[in-house]
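Reading through the structure tokens given below for one structure.
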Amino acid sequence: MHKLKFPKNFLFGAATAAHQIEGHLNNDWARWEKIPGNVSDHRTSEISADSWNKWRQDIRLLKNTSQNAYRFSIEWSRIEPTPGFFDKKVIGRYREMIDELNKNNITPMVTLFHFTLPLWVADIGGFTNRKTIDYFARFAGRMAQEFGRSVELWSVLNEPNVYINKGYFIADWCPGKKSYILGVKAFFNQISAHKQAYISMKKANPRVKVGIAMNMTAFLPAGRNIFDRILSRLARWIVNEYFIGRIRKQLDFLGINSYASYKVQAKKPILSGKIADSLYQLLIEAKRWRLPIYLTENGTPAADVDRQKFIQGNLSQLSRAIADGTDLRGYFYWSLIDNFEWSSGYTMKFGLHDINRQPRKSAKVYKKIIEENSK
Ligand code: FCB
């Protein structure tokens with residue numbers, strides 16, 4: 001492996017989402033996952049890793065592995081269970097956690113929408129209803145007001161492209177409404193929701209840095225012919241770039257979630273084999289946005305030996321991309337602990353730790369790399 005090199009103050013962290021780890025939730029996903037057939041192992045997020053109660057243990061895991069950053073989401077349905085009522089107790093509980101992170105020199109990055117909605121928002125059609133744009137912006141502004149002093153980095157929306165694809169096109173995720181019309185509506189309303197959230201957050205506290213966690217897929221033409229090249233360019237534009245282009249002026253940083261890569265071939269099959277250095281590719285492509293970049297998610301559900309290699313190999317790609325001029329500021333492994341993986345239930349395990357918070361060997365491998373590179 002080539003010698004790794006990261007800038008000073010580089011963030012080495014892990015990511016989670018409220019619905020996947022907290023347990024005890026009453027939102028649209030909690031309702032949806034109870035319907036037989038919606039989750040492959042017939043289990044629910046009801047307890048999951050119980051992080052609503054065990055968050056101090058989560059912080060300890062970060063500490064024990066020398067991580068200096070944590071990306072997590074705060075749950076809209078808990079904070080604003082009915083329109084306009086902001087629950088002080090819940091806000092206080094998140095505040096306690098954020099203060100504890102800062103005290104331990106762990107930089108928080110907060111997500112405001114990670115696939116779940118309060119029931120009162122879901123019941124008016126979620127993001128298909130334009131009213132949700134205003135409700136979301138009000139929530140975002142309020143959160144910047146509450147936490148702006150202790151949280152600088154905000155990955156406001158998580159993976160709008162995946163949310164629309166899974167929730168409306170494939171429809172195997174909540175809200176599970178198979179309709180292209182509704183999906184496209186929700187997609188454009190999420191663009192507006194990001195823009196409005198940006199405005200209200202900056203108004204509440206100009207110090208906050210507003211970003212996104214966009215799922216990006218590395219596409220490379222399989223051959224040198226013009227068809228493969230056009231098709232791969234088109235795929236990149238639709239999947240990775242369109243949404244970002246529309247909100248570019250309302251972004252202080254770009255967050256990239258990276259899981260997949262394909263070679264693109266005009267002949268069947270359209271998508272073939274994986275790309276060996278997909279993260280490097282994505283980062284070099286993302287230079288065009290001229291924004292600071294964070295790898296806001298990257299992980300694997302594979303066996304832990306493979307996870308160890310995955311982490312080593314990927315961090316080496318990041319180091320290479322930095323050497324080649326990418327303004328990369330941080331990396332968040334998905335996930336800190338095993339958790340409720342949406343319609344796959346508990347069958348996919350991405351964690352550096354298992355759901356009982358026992359470290360896997362990969363947690364130690366990550367720790368070692370962090371320690372060697374944060375001197
Ligand atoms: C991402 C999601 C995250 C988790 C990982 C495995 O697409 O943002 O919640 O499900 O995939």
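Restricting attention to segment 214-240, report how many residues are more than 16 Å from the ligand (Cβ to nearest atom), under 25 Å from L112 (Cα atoms) and buried (at least 19 other Cβ atoms within 10 Å of the Cβ).
0
Please work out which one of (1) open to solvent by 20 Å² or more (accessible area, probe 1.4 Å); (2) more than 15 Å from the ligand (Cβ to nearest atom) is the condition S40 fails and give its number.
Of (1) open to solvent by 20 Å² or more (accessible area, probe 1.4 Å); (2) more than 15 Å from the ligand (Cβ to nearest atom), only one is false for S40: (2).
Just a yes or no: is a residue in segment 108-115 at pLDDT 95 or above, away from the ligand (no atom under 16 Å from the Cβ) and either open to solvent by 10 Å² or more (accessible area, probe 1.4 Å) or assigned to a helix (DSSP H, G or I) (or both)?
Restricting attention to segment 108-115, the residues satisfying the condition of being at pLDDT 95 or above are 108-115.
Remaining after also requiring away from the ligand (no atom under 16 Å from the Cβ): 108.
With either open to solvent by 10 Å² or more (accessible area, probe 1.4 Å) or assigned to a helix (DSSP H, G or I) (or both) added as a condition, the list becomes none.
Within segment 108-115, not a single residue is at pLDDT 95 or above, away from the ligand (no atom under 16 Å from the Cβ) and either open to solvent by 10 Å² or more (accessible area, probe 1.4 Å) or assigned to a helix (DSSP H, G or I) (or both).
Has segment 131-141 got any residue that is without any contact (Cβ under 8 Å) to a residue 24 or more places away in the chain and either small (G, A, S) or more than 16 Å from the ligand (Cβ to nearest atom) (or both)?
There is at least one residue in segment 131-141 that is without any contact (Cβ under 8 Å) to a residue 24 or more places away in the chain and either small (G, A, S) or more than 16 Å from the ligand (Cβ to nearest atom) (or both).
Only one of these is among the charged types (D, E, K, R), away from the ligand (no atom under 16 Å from the Cβ) and within 24 Å of A122 (Cβ to Cβ): E100, E46. Name it.
Working: E100 fails: within 24 Å of A122 (Cβ to Cβ).
Result: E46 is the single residue among E100, E46 that is among the charged types (D, E, K, R), away from the ligand (no atom under 16 Å from the Cβ) and within 24 Å of A122 (Cβ to Cβ).
Residue check: is V208 under 30 Å from N189 (Cβ atoms), within 20 Å of the chain's Cα centre (by Cα) and of a type in the set (V, I, T)? Before you say what the answer is, go through the steps one by one.
Numbers: under 30 Å from N189 (Cβ atoms): yes; within 20 Å of the chain's Cα centre (by Cα): yes; of a type in the set (V, I, T): yes.
For V208, the condition - under 30 Å from N189 (Cβ atoms), within 20 Å of the chain's Cα centre (by Cα) and of a type in the set (V, I, T) - is met.
Would you check if there is a residue in segment 14-25 being open to solvent by 20 Å² or more (accessible area, probe 1.4 Å) and within 15 Å of the ligand (Cβ to nearest atom)?
Going residue by residue through segment 14-25, those that are open to solvent by 20 Å² or more (accessible area, probe 1.4 Å) are 24-25.
Now drop any that are not within 15 Å of the ligand (Cβ to nearest atom), which leaves 25.
Yes, because at least one residue in segment 14-25 is open to solvent by 20 Å² or more (accessible area, probe 1.4 Å) and within 15 Å of the ligand (Cβ to nearest atom).
Against the definition (open to solvent by 40 Å² or more (accessible area, probe 1.4 Å) and touching a Lys or Arg at 6+ places or on another chain (Cβ under 9 Å)), how does R207 come out, yes or no?
Details: open to solvent by 40 Å² or more (accessible area, probe 1.4 Å): yes; touching a Lys or Arg at 6+ places or on another chain (Cβ under 9 Å): yes.
Considered against the rule, which asks whether it is open to solvent by 40 Å² or more (accessible area, probe 1.4 Å) and touching a Lys or Arg at 6+ places or on another chain (Cβ under 9 Å), R207 comes out as yes.
Collect the residues in segment 268-287 that are in contact (Cβ under 8 Å) with a residue 12 or more places away in the chain and among the charged types (D, E, K, R), keeping them in residue-number order.
Matches in segment 268-287: K274, D277, E285, K287.
Give me the residue from segment 189-201 that is open to solvent by 50 Å² or more (accessible area, probe 1.4 Å) and of a type outside the set (S, T, N, Q) and, out of that set, farthest from P269 (Cα to Cα).
The initial filter retains those residues of segment 189-201 that are open to solvent by 50 Å² or more (accessible area, probe 1.4 Å), namely 195-196, 199.
Now drop any that are not of a type outside the set (S, T, N, Q), which leaves 195, 199.
On the way: K195: 37, I199: 43 Å.
Checked segment 189-201; the qualifying residue farthest from P269 (Cα to Cα) is I199.
Restricted to segment 57-94, and to residues that are among the aliphatic types (A, V, I, L, M) and in contact (Cβ under 8 Å) with a residue 40 or more places away in the chain, which residue is farthest from S374 (Cα to Cα)?
Going residue by residue through segment 57-94, those that are among the aliphatic types (A, V, I, L, M) are 59, 61-62, 69, 74, 79, 90-91.
This time we only want the ones that are in contact (Cβ under 8 Å) with a residue 40 or more places away in the chain, so: 59, 61-62, 69, 74, 79, 91.
Numbers: I59: 19, L61: 18, L62: 15, A69: 13, I74: 28, I79: 36, I91: 33 Å.
Here the residue is I79.
Going through segment 348-375 one residue at a time, which ones are surrounded by fewer than 24 Cβ atoms within 10 Å (Cβ to Cβ), within 16 Å of the ligand (Cβ to nearest atom) and in contact (Cβ under 8 Å) with a residue 60 or more places away in the chain?
Within segment 348-375, H353, I355 qualify.
Of all residues in segment 299-312 being more than 17 Å from K367 (Cβ to Cβ) and within 13 Å of the ligand (Cβ to nearest atom), which is surrounded by the fewest Cβ atoms within 10 Å (Cβ to Cβ)?
A302
For segment 320-347, name all the residues that are outside any helix (DSSP H, G or I), open to solvent by 20 Å² or more (accessible area, probe 1.4 Å) and either under 17 Å from R71 (Cα atoms) or touching a helix residue (DSSP H, G or I) at 6+ places or on another chain (Cβ under 9 Å) (or both).
Correct list: D324, G325, D327, R329, E341.
The values are calculated or read from the model by the stated rules, or taken from the named source; none is laboratory data. Everything quoted here is computed from the prediction, not taken from an experiment. Neighbour counts are summed over all protein chains in view; Cβ atoms, including those assigned to glycine, are modelled from backbone coordinates with ideal geometry. The protein model used for the area step is the full one, side chains on, heavy atoms only, and it has no ligands, DNA or RNA in it. Shrake-Rupley method; radii C 1.70, N 1.55, O 1.52, S 1.80 Å.
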